[in-house]
1. Considering only residues of the range 143-170 that are acidic (Asp, Glu) and touching a strand residue (DSSP E or B) at 6+ places or on another chain (Cβ under 8 Å), which is surrounded by the fewest Cβ atoms within 10 Å (Cβ to Cβ)?
2. Being touching a strand residue (DSSP E or B) at 6+ places or on another chain (Cβ under 8 Å) and outside any loop (DSSP other than H, G, I, E, B) is the filter here, so list the residues in the range 171-204 that pass it.
3. Do we have Phe136 as touching a strand residue (DSSP E or B) at 6+ places or on another chain (Cβ under 7 Å) and under 13 Å from Ile198 (Cα atoms) here?
4. Out of Lys145, Lys166, which single residue is of a type in the set (Lys, Arg) and free of Cβ contacts under 8 Å to residues at least 60 places away in the same chain?
5. Output the residue which, of all residues in the range 13-42 that are among the hydrophobic types (A, V, I, L, M, F, W, C), buried (at least 18 other Cβ atoms within 10 Å of the Cβ) and closer than 28 Å to Ile122 by Cα, is farthest from the chain's Cα centre (by Cα).
6. Can you spot a residue in the range 188-199 that is within 20 Å of Ser20 (Cβ to Cβ) and either in contact with a helix residue (DSSP H, G or I) (Cβ under 6 Å, 6 or more places away or on another chain) or modelled with pLDDT under 95 (or both)?
7. If you go through the range 111-123 one residue at a time, do you hit one that is outside any loop (DSSP other than H, G, I, E, B), modelled with pLDDT of 90 or more, in contact with a Lys or Arg (Cβ under 8 Å, 6 or more places away or on another chain) and within 29 Å of Asn47 (Cβ to Cβ)?
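The values are calculated or read from the model by the stated rules, or taken from the named source; none is laboratory data. Bear in mind the structure is a predicted one, so any value in this text is a computation, not a measurement. Cβ atoms come from the backbone with ideal geometry, glycine included; neighbour counts cover every protein chain shown.
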Amino acid sequence: MKKIFLDCGTNLCQGLQEISKKHNITDEWEVYSFEANPLTYSIINKNKFSNVKFINKAVWNENCTKNLTVEIWPGEVKKSDIYNIKDDIVTDLPIGGGCNIMDENFIFIHSKEENITKKAHIVECFDFSNFILNNFKKEDFIIIKLDIEGAEYPVLEKMIKDDTLKYVDILYVEWHNHMLINKYDEISIINAIKKENINLNIWF
């Protein structure tokens, strides 16, 4: 049996660090950290995490390319050890929390400031359910964190369809129905998760 942690939507590794500490995720674990934003991905200090495989792809329900809308947050930010940058102060970091691949269905409710700008990038997406099916076994112990700005719904729907929810032991999800124009059936998805006796946690 392997112990696995799949960190989906790592941003600047906030969840990676918190969940690793909470569950005592050591070098014995197999850890994958996925980040779609190529600009954020480029400033993560990957050398800080010896047991993590960082992958610059978007977690999705199929293998394809999609348009990623990236928020550029203005202002000065102090250097942290999670940044792979040289200056003590950096400005206009492309790390906005609303970066997403949900196209026009996504509402940037946290981006009311006039000076916040957005840029588009074409990014590679992969079938997350298929990734689990091809790399792990049901007897493995798997923790998943999904903070992927609305994409959690189609991803989980595909996992329900493929029966790969059975692989999951602990699941952290930040739900984003309130930021989508066309809503998903969140209750049905949660019921399907509970049916598999998965330890479901709300992620913020």
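1. Going through the qualifying residues, I end up with Asp169.
2. Scanning the range 171-204 gives Leu171, Tyr172, Val173, Met179, Leu180, Ile190, Ile193, Lys194, Asn199, Leu200, Asn201, Ile202.
3. no
4. Values: Lys145 fails: free of Cβ contacts under 8 Å to residues at least 60 places away in the same chain.
Testing whether each residue is of a type in the set (Lys, Arg) and free of Cβ contacts under 8 Å to residues at least 60 places away in the same chain leaves just Lys166.
5. Start the filter on the range 13-42 by keeping residues that are among the hydrophobic types (A, V, I, L, M, F, W, C), which leaves 13, 16, 19, 25, 29, 31, 34, 36, 39.
Still in the running and buried (at least 18 other Cβ atoms within 10 Å of the Cβ): 13, 16, 19, 25, 31, 34, 36.
Next cut, closer than 28 Å to Ile122 by Cα only: 13, 16, 31, 34, 36.
On the way: Cys13: 10, Leu16: 10, Val31: 13, Phe34: 6, Ala36: 8 Å.
Ranking the qualifying residues of the range 13-42, first place goes to Val31.
6. Checked against the condition, which is being within 20 Å of Ser20 (Cβ to Cβ) and either in contact with a helix residue (DSSP H, G or I) (Cβ under 6 Å, 6 or more places away or on another chain) or modelled with pLDDT under 95 (or both), the range 188-199 yields no hits at all.
7. So the first thing to find is which residues in the range 111-123 are outside any loop (DSSP other than H, G, I, E, B), and the list is 117-123.
Add one more test, that the residue is modelled with pLDDT of 90 or more, and what stays is 122-123.
Of the ones still in play, those that are also in contact with a Lys or Arg (Cβ under 8 Å, 6 or more places away or on another chain) are 122-123.
Now restrict to residues that are within 29 Å of Asn47 (Cβ to Cβ): 122-123.
Within the range 111-123 (the criterion being outside any loop (DSSP other than H, G, I, E, B), modelled with pLDDT of 90 or more, in contact with a Lys or Arg (Cβ under 8 Å, 6 or more places away or on another chain) and within 29 Å of Asn47 (Cβ to Cβ)), the answer is yes, since at least one residue qualifies.
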